[in-house]
1. Hey, among the residues in the stretch 352-383 that are of a type in the set (Ser, Thr, Tyr) and more than 25 Å from residue 230 (Cα to Cα), which one's surrounded by the fewest Cβ atoms within 10 Å (Cβ to Cβ)?
2. Could you grab me the full set of residues in the stretch 86-101 that are aliphatic (A, V, I, L, M) and part of a helix (DSSP H, G or I)?
3. Would you check if residue 238 is surrounded by 21 or more Cβ atoms within 10 Å (Cβ to Cβ) and within 13 Å of the ligand (Cβ to nearest atom)?
4. What number of residues within the stretch 296-351 are more than 16 Å from the ligand (Cβ to nearest atom), surrounded by fewer than 19 Cβ atoms within 10 Å (Cβ to Cβ) and either among the polar types (S, T, N, Q) or outside any loop (DSSP other than H, G, I, E, B) (or both)?
5. Quick one: count up the residues across the stretch 147-175 that are in contact (Cβ under 8 Å) with a residue 24 or more places away in the chain and farther than 14 Å from residue 412 by Cα.
6. Specify the residue that is surrounded by the most Cβ atoms within 10 Å (Cβ to Cβ); the eligible residues are those in the stretch 17-71 that are assigned to a loop (DSSP other than H, G, I, E, B) and of a type in the set (Val, Ile, Thr).
7. What are the residues in the stretch 352-368 that are over 16 Å from residue 308 (Cβ atoms), of a type in the set (D, E, K, R) and near the ligand (Cβ under 9 Å from one of its atoms), if any?
8. Name the one entry in 268, 243, 252, 261 that is closer than 30 Å to residue 164 by Cβ, in contact with a Ser or Thr (Cβ under 7 Å, 6 or more places away or on another chain) and not charged (D, E, K, R).
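The values are calculated or read from the model by the stated rules, or taken from the named source; none is laboratory data. The shown structure was predicted, so the numbers you read here are calculated from the model rather than taken from an experiment. Methodologically, a virtual Cβ is constructed for each residue, glycine included, from the backbone with ideal geometry; neighbour enumeration extends over all protein chains shown.
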Amino acid sequence: MDPVKQKLKEVGSKRAEQLKRLVAEHGNDVIQEVTLEQVISGMKGIVALLTDTSSLDPEEGIRFRDYSIPELRQHLPKLKDDGEPLPEGLFYLMLLGEIPDRATVDFISRDWARRAADIPGHAFDVINALPKSAHPMIQFNTAILAMSTQSHFRKAYMEGMDKKDYWDPMYEGVNDLISRLPVIAAYIYRRVFHNEKYIDMDPSLDWAGNLAHMMGYDSEEIKRLMRLYMVLHADHEGGNVSAHTTHLVGTALSNPYYSFAAGMNGLAGPLHGMANQEVMVWLEQLIAEIGDNPTKEQIREYAENTLKQGRVIPGYGHAVLRKTDPRFTEQLNFANKYIPEAPLIKLVRNIYEVVPDVLRSTGKVKNPWPNVDAISGSLLTSYGITEHPIYTVLFGVSRSLGVLSSLIWDRIYGQPLERPSSKSLEWYMKKVGFK
Ligand code: CMX
């Protein structure tokens, strides 16, 4: 058996047993009180999900299992000492809770390269049936759904598999799906932006390196950037829109393709993953109106105008974070190290000095600091990947690592159908004695 799957079987059965005992012994314990405002403001802060892959602290930012981003960059296996960690290693960490050795990461790379070779032809046919003008996220999600004809999970379910074994076909489907996403993403990119000049996968490359290669970028610099990008966007605990949606749809025992496509439809919203494209539109308009070297005062005025028009400043703010997103900081450090003079990076640095004040002065924005999307597009553009509509697809390829390793755990834990209660306005008014 695949050594990763073997290990997961051992770890999984122990933790599933622990969860069962926890609920049996403490199922009636109260863990939190909930206010009316929390419910009405998007359930912020309500603890309602079980997710092991990562956790988000408002002040510190994300930890994958127990590791902060700087710790990940130090401990996860890399191809070269001065390179970025391989996302395959992060997948293993999120799945199993420990740092893998290099041989295990190589096993995953080879396994994914093998699985990626078997994409059904109709996944490409449905992409080709769409106009090239269809947003890349439409093409991406359509192809993900189309690949579900190969779902191991659906087949096993139809054959009447015992529910304690659901995790097994889920594991197979998740690995198939993750392995194939770079091929699909690169196909869409070459179709829309490079005149259908497709580039074959190189099975000797790692997962992220292959994505860069198939997109047409073979320099070590861009492969390194792609590895960083794939690590940083992989997970953000369970409550964000893409993770929660993938989980929710999975609780109906929908296969991993259905579940992930649902999550990706959420990622395509401008307040979530599509913010990385929105930031570029916002920057381009700024440059068109003011020029490419605006003063801080001009940036302030431009940002204030955005607010006056009743719009958000993309790339700033967060539902949970209350400090600068460490994923922003990590990308800025990367840019400062390798491309400190890039004009867009200079602009990002200047905006960072001005926009938090502008947002603070509204008196209502809870977090005026930049999030991951405030810089990711500028970094990609500075390296020559200038086609903004592909950015959310790249985010989605990365996000698969976290939300799909969680989906395997959902089946290991036997998580039931998610079904919260909803109430009318009258019910809430009566509940709190509102007159
Ligand atoms: N620009 C302008 N107004 C903002 C703002 C921003 N960047 N961030 C928050 N606000 C506003 C909200 O729209 C809200 O206004 P109303 O009371 O008039 O409705 C008010 O401030 C309070 O919002 P909040 O509690 O601080 O933020 P939320 O948790 O509701 O929303 C988020 C979080 C990310 C949607 C919001 O900050 C936002 O719209 N940011 C811009 C879009 C963005 O960058 N999204 C990417 C997030 C990261 C990711 O998922 O990829």
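1. Of the residues in the stretch 352-383, the ones of a type in the set (Ser, Thr, Tyr) are 352, 361-362, 376, 378, 381-383.
Checking which are more than 25 Å from residue 230 (Cα to Cα) leaves us with 361-362.
Details: 361: 12, 362: 10.
Filtering the stretch 352-383 for residues that are of a type in the set (Ser, Thr, Tyr) and more than 25 Å from residue 230 (Cα to Cα), the one surrounded by the fewest Cβ atoms within 10 Å (Cβ to Cβ) comes out as 362.
2. Of the stretch 86-101, the ones aliphatic (A, V, I, L, M) are 86, 90, 93-96, 99.
Passing the criteria: 90, 93, 94, 95, 96.
3. Details: surrounded by 21 or more Cβ atoms within 10 Å (Cβ to Cβ): yes; within 13 Å of the ligand (Cβ to nearest atom): no.
So residue 238 fails the test.
4. Looking only at that region, the number is 12.
5. Count: 10.
6. Looking only at the stretch 17-71, we keep the residues that are assigned to a loop (DSSP other than H, G, I, E, B), and these are 27-35, 41-53, 58-60, 65-66, 68.
When the remaining residues are screened for being of a type in the set (Val, Ile, Thr), the result is 30-31, 34-35, 46-47, 51, 53.
Details: 30: 5, 31: 7, 34: 12, 35: 11, 46: 15, 47: 10, 51: 20, 53: 27.
Across the stretch 17-71, the extreme among qualifying residues is 53.
7. 366, the sole residue that qualifies.
8. Working: 268 fails: closer than 30 Å to residue 164 by Cβ; 252 fails: in contact with a Ser or Thr (Cβ under 7 Å, 6 or more places away or on another chain); 261 fails: in contact with a Ser or Thr (Cβ under 7 Å, 6 or more places away or on another chain).
Criteria check complete, one pass: 243.
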